[in-house]
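Participant: If you scroll down you'll find the structure; I have some questions about it.
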Amino acid sequence: MTENTKRVAVVPGDGIGKEVIAQAVNVIRAARAAVDFTEFDWSADRYLKDGTTIPPDGFSMLSRDFDAIFVGALGDPRVPSNIHAKDILLGMRFKMDLFANVRPVKCLDDSLCPLKNVRAGEIDFVVVRENTEGPYVDVGGVFKQGTPDEVAVQEDVNTRKGVERVIRYAFDYARRYGRKKVLMSDKSNVMTYAHGLWQRVFKEVAGDYSDIASQHMYVDALCMHMVRDPRQFDVIVTNNMFGDIITDLAAALQGGLGMAASGNIHPGRTSMFEPVHGSAPPFAGKNIANPFGAILTAATMLEYLGFEAAAAKINAAVVEAVRQKKTTQDVGGDLGTREAGQWIAERVAG
């Protein structure tokens, strides 16, 4: 291992996660990126074996010893509470302070675009989702549970620090990648306190980026325009819950969740990368899962680690695979998971 080698922790996860992450790791190796992998068995299998979700020093170890974390889907019906998935995935986001979830939305071929009168090349935007606040902080409770008078409260937590840093990240991202617009989405006409904060901070931060156009759209209008005319979008920044919702909608514009990549970022720190589809237990072990979301996520991770050439080579190979239908059935091909991954690896290695 050379001084320029990056260390990556791999958590394959559950279900199809194990299959697609294995293919993505093979592709990284084929690209000859200077990456050293260490695999961890944190999963439903491990939890059912000895009760471990993540070791007590797991998060500090990841931050100390690794440059990035590559995570597969988590979730297994044998663990109805999915406590292992919550502890591992949400634990990384919250305890490692990975405040920016970055989801590129790019349609690679006309055959994958579900919209009429829109070409694939016209769908190319990025969603930056606040990743450590909102309703996901698990603040709330239930009063008089199971009675006719039951009351359930879930708090939506928004701090100025959290809002400002993710908005600033979105503008910095736009400037770095030559994008011209940042749109902030909220529901401030109803959530006047929480999203009033987003409104005020967005206007203040936008003033520091005169070269980037700033826009606002309520989230319901945003959903409508995403399917009506996604060509207008460049960078979208929004809160945790709305980001969760609109990124799955956006994935449909690029061929489905099997084509969607994701990074959970804290600039300058160990960050985590994961394909955004679920573990899909019914499909596990059948060699039918689409590995391209994991492979595109691998490319995103390599770019973050400074291996831009390798990332570009992987992205180009996926585009060519889609064009030639060297894909799994969900995006028009007839290959299995392993065969589709191998096609990309061979293309990248060549």
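Participant: If we count GluC sites (Glu not before Pro) as exposed when they sit in a DSSP loop and have at most 10 other beta carbons within 10 Å, what is the longest stretch of the chain that avoids them all?
Facilitator: 151-350
Participant: What is the calculated FRET efficiency for residue 116 to residue 189, with r their C-beta to C-beta distance and R₀ = 30 Å, to the nearest 0.05?
Facilitator: It comes to 0.45.
Participant: For a quick check of your reading of the filter: which trypsin sites (Lys or Arg not before Pro) in region 41-138 sit in a DSSP loop and have no more than 14 other Cβ atoms within 10 Å?
Facilitator: In loop regions of region 41-138 (DSSP not H, G, I, E or B), the sparsely surrounded trypsin sites (Lys or Arg not before Pro) are 78, 116, 119.
Participant: I would also like to ask the following. Could you order peptides 324-337, 24-37 by the average number of other Cβ atoms within 10 Å of their residues, highest first?
Facilitator: Highest to lowest by the protection proxy: 24-37, 324-337.
Participant: May I pose another question? Would you kindly calculate the translational diffusion coefficient of region 124-252, applying Stokes-Einstein with the Kirkwood radius from alpha carbon pairs, for 10 °C and a viscosity of 1.306 mPa s, and quote it in µm² s⁻¹ without decimals?
Facilitator: So the translational diffusion coefficient is about 102 µm²/s.
Participant: Next question. What is the set of long-range amide H partners of residue 74 at a cut-off below 5 Å, with H atoms built 1.01 Å from backbone N?
Facilitator: Under 5 Å from the amide H of residue 74 lie the amide H atoms of 14, 279, each far enough along the sequence or on another chain.
Participant: Please tell me which of these pairs span more than 22 angstrom C-alpha to C-alpha: 116/187; 161/203; 18/86; 106/326? Could you put the intermediate results ahead of the total?
Facilitator: On the way: 116/187 29 Å; 161/203 15 Å; 18/86 18 Å; 106/326 18 Å.
Flagged as over cut-off: 116/187.
Participant: Pick out, in residue order, every one of the trypsin sites (Lys or Arg not before Pro) in region 159-253 that is DSSP loop and has at most 11 other C-beta atoms within 10 Å; say none if there are none.
Facilitator: 180
Participant: So what is the relative contact order for the chain, in percent, with contacts set as C-alpha pairs under 8 Å and at least six apart?
Facilitator: 24
Participant: For region 264-322 and region 1-55, write down the distance between their C-alpha centroids in whole Å.
Facilitator: If you average the Cα positions of each part, the centres end up 12 Å apart.
Participant: Quickly work out the residue 139-to-residue 36 label distance, labels modelled 7 Å from Cα along the C-beta direction, and quote it in nm with one decimal.
Facilitator: About 4.2 nm separates the two model spin labels.
Participant: Magnitude of the Cβ-charge dipole of the chain, K/R +1 and D/E -1, about the Cα centre, nearest 20 debye? If you can, show how the numbers build up before the last one.
Facilitator: Numbers: 40 positive and 44 negative charges, 147 e Å.
About 700 debye.
Participant: I would also like to ask the following. Per residue of the chain, what 222 nm ellipticity follows from adding -39500 (n - 2.57) for every DSSP H run with n ≥ 4, rounded to the nearest 500?
Facilitator: -11500 deg cm²/dmol
Participant: Using only the Cα atoms of region 6-73, what are the Rg and Dmax in Å?
Facilitator: Values for region 6-73 (Cα only, Rg and Dmax): 12.5, 37 Å.
Participant: ³J(HN,Hα) across region 240-245 via Karplus (A = 6.51, B = -1.76, C = 1.60, θ = phi - 60°), whole Hz, x for Gly/Pro?
Facilitator: 4, 5, 5, x, 4, 6
Participant: Points 7 angstrom from Cα along the Cβ direction at residue 324 and residue 312: gap in nanometres?
Facilitator: Going from the residue 324 label point to the residue 312 one covers 2.1 nm.
Participant: Set the Förster distance to 30 Å, then compute FRET efficiency between residue 286 and residue 220 from the Cβ-Cβ distance, nearest 0.05.
Facilitator: 0.20
Participant: Okay, moving on. Put a dot 7 Å past each Cα toward the Cβ at residue 60 and residue 4; how far apart are the dots in nm?
Facilitator: A separation of 3.4 nm, rounded to one decimal place.
Since every read-out is calculated from the coordinates, none of them should be taken as a lab result. Just so it is clear, the model here is predicted, and its values are computed rather than measured. So basically every Cβ, Gly included, is an ideal-geometry build from the backbone, and we count neighbours across all protein chains shown.
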